[in-house]
Every structure is written in C-alpha cells, then in structure tokens.
Amino acid sequence: MIRYYPLKPFCVMIRYRSMIRLTFFIMMLLINNKGLVAQPGGKAFQFLDVTNSARVAAIGGKAPAVFDDDLNMPFHNPGLLNDQMHNHVVLNYVDYFAGINYGYVSYARSYEGIGNFALGIHYLNYGKFQGADETGAFTKTFRASDYALNIIYSRRIDSLFSVGINLKPIYSSLESYNSFALAVDAGVVYHNPGVMFTAALVLRNVGIQVSTYYPNGEREPLPFDIQLGLSQGLKHAPLRFFIMGDHLEKWDLTYQTEEDKEGAVNELTGETTDQSKFDVFADKFMRHVTLGGEVLIGKNVVVSLGYNYRRRQEMKIDSKPGLVGFSFGLSVRITKFRISYGRPFTHLAGGSNHFSLGLNLNEFYKKF
C-alpha cells in the first residue's frame, strides 16, 4: 500500500485540464524552432538520446509504453510516471566506449489529488583530454561533459489515461566552449491493466538552444523525436511484448552515398541492380521500429531481449553482421534491491554495459 503525504496549504492544486493546456502551450511555443524535423544526427545535445536504463537497453533502447513501477521509464515518457513509483530511487551507470561513461539518478513522490513528481539528473562524461596547440605542443588537459536536469510531473486523467511533462534544463561543457538549452518532453499514456495492454505517444526534446557554442550565436537544433509505443502482456504466460516506433516526424531515415543512389553493383556480373519498391518501403518502415520482449521467471527474475533494425543496418559490417542490433538483459530482485544488467550489441567490435539499481524506500521504513 502506497502512503501519500499531503502538501502544505500554500501549494496549489493542479487540475488535469490546466496540465494539458500548459503542456501544449509549451510545445507549440517551442515547436516553431527551425530545423525541428531535420534528419536525426548532426544536432546539439545528442546525449539526450542515449539509453541509461539496463532494462531499456535490453529491450532495444526505446520504452515509450512500458507501464509499471520502474522509475527509469519516465525518462523516456513522462506520462509513465505513476503512484506505484512513490518514494522509489533508481541509479544507472553505463560503461561506454573509449573511457566514456554516463548515467542517471532519479527520485519520485506522489501526492493524492495533485499528481506524481520526479526529479532526475542525467550526465555524460567524455573523459579527460590532452590539449595541444597548432604546432602539436601539449598544452593543459581538459574535460568534456553534458548534463540535464529532469523535472517530471504526471497526472491521471481517468482510470485509463495519463499525461505527463518533463522540463529539462541542459548544460554542456566542451573544453572552453559552453552551451545551455531548454527542452520539454510531453507524453500521453493509455494503460488498461485488465487486458495488460498499454499504448503511448511522446514528443521528446522539443526545445531550443538558449546559448550556443559559437561566438556568432548560431543555434543548432535539438534531437527532436516523436515516439509511439505498444505493450502487451499475456494472462496465461509470463511474457510481455513491446513494439516501439521512433522518429515518426520523418519518414526516410536512411543515409545514402552517391553509390547507393545509383544502385547496388553485382560483384560477379558488374551489373547494377535496383531494389524493388516493396523492399525500399519495408526498409524505410523498419528503420522506425524496435522490438522487445520480456520473460518473467517467478516474481524476482526477468529476462529481456530486443532488436533494433536501424541500429543493425547502420552499424553492421555486411560481410560479418554478427549480433549487431540485438540486445539482452537480466533483472534480479534481491531482498529490497532490484539489480539489472543490459547489453546491446552496437557494433562487431563490441557493445556497452548497462547497470541499474532500483530501491523502494518504503520497504526500508517498514523495517526501521
């Protein structure tokens, strides 16, 4: 049973109609930013798209519609923040490539009649670098890092629908260059526990770069993303399935060289072959799709699997694709702790290691 703690009398009651109006007002205010629907990549603050949670990494890297008590999920869709997460804490650490590491920590509380709140800090540390001048002589060392504060609020509209918003002040420090931005995530979630089905829509990183890296003040677009997700559990089997679609604001996510545009060349005959219209359509469609699944082994163990088609197409080596694009993970509950590990196969050279720790502080209070 979740205990609620009323706010002090001076706090203002937030009605869901006001919440919806405020969400869409901010979205429309920021959505006029130029370059909003540009090709993914080549934008500022790309670290906003990295996957912190081991569980999310294991199911393919996207999670707009995973509704349960996992406090990592509101990072991907603020509408997923719910009262099951009251007094929960999550900590994430990712051992990335070339000495880079990043993570996320968050805490949540719920207030009866007002809604759910969470505060999180997301960081990416690029490590320590040795500076050099134009002659190659070493200068001082320096560091580079990115930070984002996540201020999340959500509220139920009725027994099935929830809405949420995430306000994200963002700061980047790259040697002597600094930048500040402000972004908003806004999501709506339909969750029907009776049939174990969830559907969700989220707009991520709607925002503007306030101060830029460049002296001339030229702004760069943020990594805007529209995501749609579906989740389905089975009543008589310990299985859950996820279908996630991302970057729905742009149909064609393919990167093509001039040779690609001219068509593939058969190495034996030297003839140029073109893909059929269906193959081209299927490829472009699947680049938006991520598939995931979970197997529940008892109450304390979850095995996760995922497949990211676009990652596989962009990062594989044709002669030896291996497991690029696939991912797996394991989550284990030990006493009052939930420990998770996830590993996506990013390239033939290897993948990243994701570690997550979840706590329900209410369970500690009962003991003491």
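Only the coordinates and a few stated rules stand behind these numbers; no lab work does. Keep in mind that what you see is a predicted model, and the values were worked out from it rather than measured. No Cβ is skipped: glycine too gets one built from the backbone with ideal geometry, and neighbour counts run over all protein chains shown.
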If each Cα of the range 69-174 is one equal point scatterer, what is log10 of I(q)/I(0) from the Debye formula at q = 0.18, 0.21, 0.22, 0.24 Å⁻¹? -0.85, -1.03, -1.09, -1.21
Less than 19 Å from a label point 7 Å out along the Cα-to-Cβ axis of Tyr255: which backbone N atoms in the range 72-105 qualify, by residue? 97-98
Run the numbers for Gln130 and Glu218: contour at 0.36 nm per residue of separation, minus the present Cα-Cα distance, in nm. 28.9 nm
What nm value, rounded to one decimal, do you get for the distance between Ile297 and Asp283 when each label is placed 7 Å out toward the C-beta? 3.9 nm
What's the FRET efficiency of Asn362 with Phe180 using the Cβ-Cβ distance as r and R₀ = 25 Å, to the nearest 0.05? 0.10
Of the trypsin sites (Lys or Arg not before Pro) in the range 131-200, which ones lie in a loop per DSSP and count no more than 11 other C-beta atoms within 10 Å? none
On a full-extension model of 0.36 nm per residue, what is the gain between Asp68 and Ser173, subtracting their alpha-carbon distance, rounded to one decimal in nm? 34.3 nm
In whole Hz, the Karplus estimates of ³J(HN,Hα) for the range 330-340 (6.51, -1.76, 1.60; θ = phi - 60°; x where Gly or Pro) are 9, 10, 10, 9, 10, 6, 9, 10, 10, 10, 10
Listed with the fewest Cβ neighbours within 10 Å leading, Arg55, Arg240 appear as Arg240, Arg55
For the Asp95, Ala144 Cβ pair and Förster radius 22 Å, calculated FRET efficiency rounded to 0.05 is 0.80
Fewest first, what order do Glu112, Glu134 take by the number of other Cβ atoms within 10 Å? Glu134, Glu112
Return Met85, Met73 ranked ascending by Cβ neighbour count within 10 Å, so the fewest neighbours appear first. Met73, Met85
What does the C-alpha gyration tensor say about the overall shape of the range 116-227? Classify as rounded when a/c is under 1.5, otherwise prolate if a/b is larger than b/c, or oblate. prolate
HN-Hα couplings for the range 347-363 via Karplus (6.51, -1.76, 1.60; θ = phi - 60°), in whole Hz with x for Gly/Pro, come out as 7, 4, 6, x, x, 9, 10, 10, 10, 9, 10, x, 10, 10, 5, 4, 5
Plugging the Cβ-Cβ distance of Val195 and Met315 into 1/(1 + (r/R0)^6) at R0 = 41 Å yields, to the nearest 0.05, a FRET efficiency of 0.65
Near the amide H of His247, under 5 Å away, which other amide H atoms are found, from residues 5 or more places off or on another chain, if H is placed in the peptide plane? Ile226
